[in-house]
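The values are calculated or read from the model by the stated rules, or taken from the named source; none is laboratory data. Predicted, not measured: the structure shown is a model, and the values here were computed from it. With ideal geometry, Cβ positions are generated from the backbone for all residues, glycine too; neighbour counts draw on all protein chains shown. Heavy atoms of the whole protein, side chains included, go into the accessibility calculation; ligands, DNA and RNA do not. Shrake-Rupley method; radii C 1.70, N 1.55, O 1.52, S 1.80 Å.
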Amino acid sequence: MTIFDFVTYITSLLPAILGILILYAGTKVPFNAVKLALLGYLMTSLGFHFIGEFLGKNYHNNLVLIPIFGVVELAWFSLIYYFMTSNRLYFLINIPSFICLIYELNTINFYQLEQVVSYTRFVSTLSLLLLALFYCFTLLKNRWKTYLPSLFIFNAALLIYASFTCLYYLPLNLLLNGKSESKFLLWFINIIITLLFYILITNVLCRTSGKEKIPS
């Protein structure tokens, strides 16, 4: 088995794992706004996976989904943070990503690999980092008086996921045109981190009552 075959096999498990997580989250009643937003995020991720498969098989290119998913993902987490803080300012962090997305969709030909860049994905994951770092700042500011294990684990998972994703998509052009071995190795690491992230945040957020709040 080549590294390409192995990575392809691991990737094929993604929709099954997402489906299991969606079913698991759907059984955790009573529902609250955070759980519903989590379900929306997981179902969106699953939907993008199938759309990517469709575009890849029929048009041999699904790169346009990279910036779009970055913006949609940020929007879901901004909503989750809003439910945890009741602070509408969290939605403002979406504006730079939307601007980048509009620019990319109007200027980049995603069929020409040498033109493909990842400004939107980088900016959106950088914004996710800022969301998580803001929580860390509030902990320090309040001398850990506002510490809640569930929210701390959720933020830590988001911080690790966003950090790697930010670094992964920054040299997107090099990944698309680089050596196959390095490309598939990074792809494998990205898939593993993404799967662990999905599993961890689903487990944590499904155990919250919805009353936990991050000070804004």
Next item on the list: Go through Ser78, Ser97 for me and flag whichever is part of a helix (DSSP H, G or I), under 21 Å from Thr194 (Cα atoms) and free of Cβ contacts under 8 Å to residues at least 40 places away in the same chain.
Entry: Ser97
Item checked: Unmet criterion (only one of (1) touching a residue at least 40 places away in the same chain (Cβ under 8 Å); (2) in contact with a Gly (Cβ under 6 Å, 6 or more places away or on another chain); (3) open to solvent by 50 Å² or more (accessible area, probe 1.4 Å)) for Asn62 -> (1)
Item checked: Cβ pairs under 6 Å, 6+ apart, first in segment 108-134 and among the basic types (Lys, Arg), second modelled with pLDDT of 80 or more -> Arg121/Ile66; Arg121/Pro67; Arg121/Gly70; Arg121/Tyr169
Item checked: Whichever residue in segment 198-216 is at pLDDT 80 or above and in contact with a Ser or Thr (Cβ under 9 Å, 6 or more places away or on another chain) and, among such residues, is farthest from Arg143 (Cα to Cα) -> Tyr198
Next item on the list: Can you tell me which residue within segment 46-69, out of those that are in contact with a helix residue (DSSP H, G or I) (Cβ under 6 Å, 6 or more places away or on another chain) and part of a helix (DSSP H, G or I), is farthest from Ile17 (Cα to Cα)?
Entry: Pro67
Check: Considering only segment 128-150, how many residues are assigned to a helix (DSSP H, G or I) and either open to solvent by 20 Å² or more (accessible area, probe 1.4 Å) or at pLDDT 85 or above (or both)?
Finding: 13
